[in-house]
Amino acid sequence: MKPATTVSAAAAPWLPLASGRALTLGRVIEPGTLDIRRDIAIPLGNTGRFANQLPSGMLYSVAQHCCIGADFLWGQTQDDALAMAFLLHDGHEGPLGDQTSPFLAALQQALDETRLALGDTAGPRLSIQRLRRQLAEPIDRYLHAEAGLPWPLPPVLRDRVHYVDLQLLLAERDHLLGPQPRPWDEKLRPIKPLALKHRIKVLPPAKAAEAWVTRFETWSSRIHAARARVRSNPGTIAELAREAAR
């Protein structure tokens, strides 16, 4: 998805980052612009899932969510790329924050109802999710490049991450949210909660952030090293094929 180009970079919306830099939203991010620890990991540790509505009153962070899913996949496969893909799947929420699925669905409903009331039904339907992805895409692209992963992800990685994300969502609901006042989306009914070895114990934000950045540093160093080995030995067809499949 291409960034918006109708507004000059100087006039585009931007937000200040913890590292002291400015992040121009929806535009290509130059290498070295984001500080992985200060601009991504720490904000992810301070960003609560489920709109911070845990009965315990604790903040369950996006950083911890990403670590749990990444650790599960690494334990299943010992695949650094797959684990890293899960670690990064919500990385854009460091700068952008976490908008819950019900909130985005309500925005979409309000937008659709407003267009209907105005009689503006001739053009294509505007998608809130697509607009959100458009703003998130430059951040995702940057983080995957830093980690040594391609962007967009190959479908086999993308689909595995998405499914485990849904499974983990259901496990988090069961472990952290307690009985729900209404049924959740029917589309989730066939999906089983992720089979974690232990119940989720909420980490303090700082520890969750440190866990996230430690995994990023460990896996990214191994991914970059593996890619360098393949590039230095181009005659190894089998290795090249495996690298392309990633």
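The values are calculated or read from the model by the stated rules, or taken from the named source; none is laboratory data. Because the structure is a prediction, the values reported are computed rather than measured. Don't worry about glycine lacking a Cβ; one is built from the backbone with ideal geometry, like all the others, and counts go over all protein chains shown. Just so you know, the surface numbers come from the protein's heavy atoms only, side chains and all, with ligands and any DNA or RNA stripped out. Shrake-Rupley method; radii C 1.70, N 1.55, O 1.52, S 1.80 Å.
Applying the criterion of being surrounded by 10 or more Cβ atoms within 10 Å (Cβ to Cβ) and modelled with pLDDT under 90 to the residues of region 101-125, the residue that is nearest to residue 184 (Cα to Cα) is 125. Is it the case that some residue within region 60-67 is modelled with pLDDT of 95 or more and of a type in the set (Gly, Ala, Ser)? Checked region 60-67: at least one residue is modelled with pLDDT of 95 or more and of a type in the set (Gly, Ala, Ser).
From the residues in region 1-40 that are touching a Gly at 6+ places or on another chain (Cβ under 7 Å) and at pLDDT 95 or above, which one is surrounded by the most Cβ atoms within 10 Å (Cβ to Cβ)? Checked region 1-40; the qualifying residue surrounded by the most Cβ atoms within 10 Å (Cβ to Cβ) is 40.
Inspection of region 181-201 identifies no residue that is under 15 Å from the mean Cα position of the chain (by Cα) and either free of Cβ contacts under 8 Å to residues at least 40 places away in the same chain or closer than 26 Å to residue 56 by Cα (or both).
Out of 87, 44, one residue alone is in contact with an Asp or Glu (Cβ under 8 Å, 6 or more places away or on another chain), surrounded by 21 or more Cβ atoms within 10 Å (Cβ to Cβ) and either of a type in the set (Lys, Arg) or touching a residue at least 40 places away in the same chain (Cβ under 8 Å) (or both). It is 44. Taking the condition open to solvent by 20 Å² or more (accessible area, probe 1.4 Å) and at pLDDT 95 or above, does residue 146 pass? Yes.
Looking at 18, 11, just one residue is under 19 Å from residue 146 (Cβ atoms), assigned to a loop (DSSP other than H, G, I, E, B) and not basic (Lys, Arg), and that residue is 18.
Let's see how each residue does on (1) more than 22 Å from residue 36 (Cβ to Cβ); (2) not aromatic (Phe, Trp, Tyr):
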{"position": "92", "(1), (2)": "no, yes"}
{"position": "123", "(1), (2)": "yes, yes"}
{"position": "131", "(1), (2)": "yes, yes"}
{"position": "142", "(1), (2)": "no, no"}
{"position": "146", "(1), (2)": "no, yes"}
{"position": "150", "(1), (2)": "no, yes"}
{"position": "155", "(1), (2)": "yes, yes"}
{"position": "158", "(1), (2)": "no, yes"}
{"position": "162", "(1), (2)": "yes, yes"}
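If the condition is being closer than 19 Å to residue 91 by Cα, open to solvent by 70 Å² or more (accessible area, probe 1.4 Å) and of a type in the set (D, E, K, R), then region 205-232 contributes 207, 210, 217.
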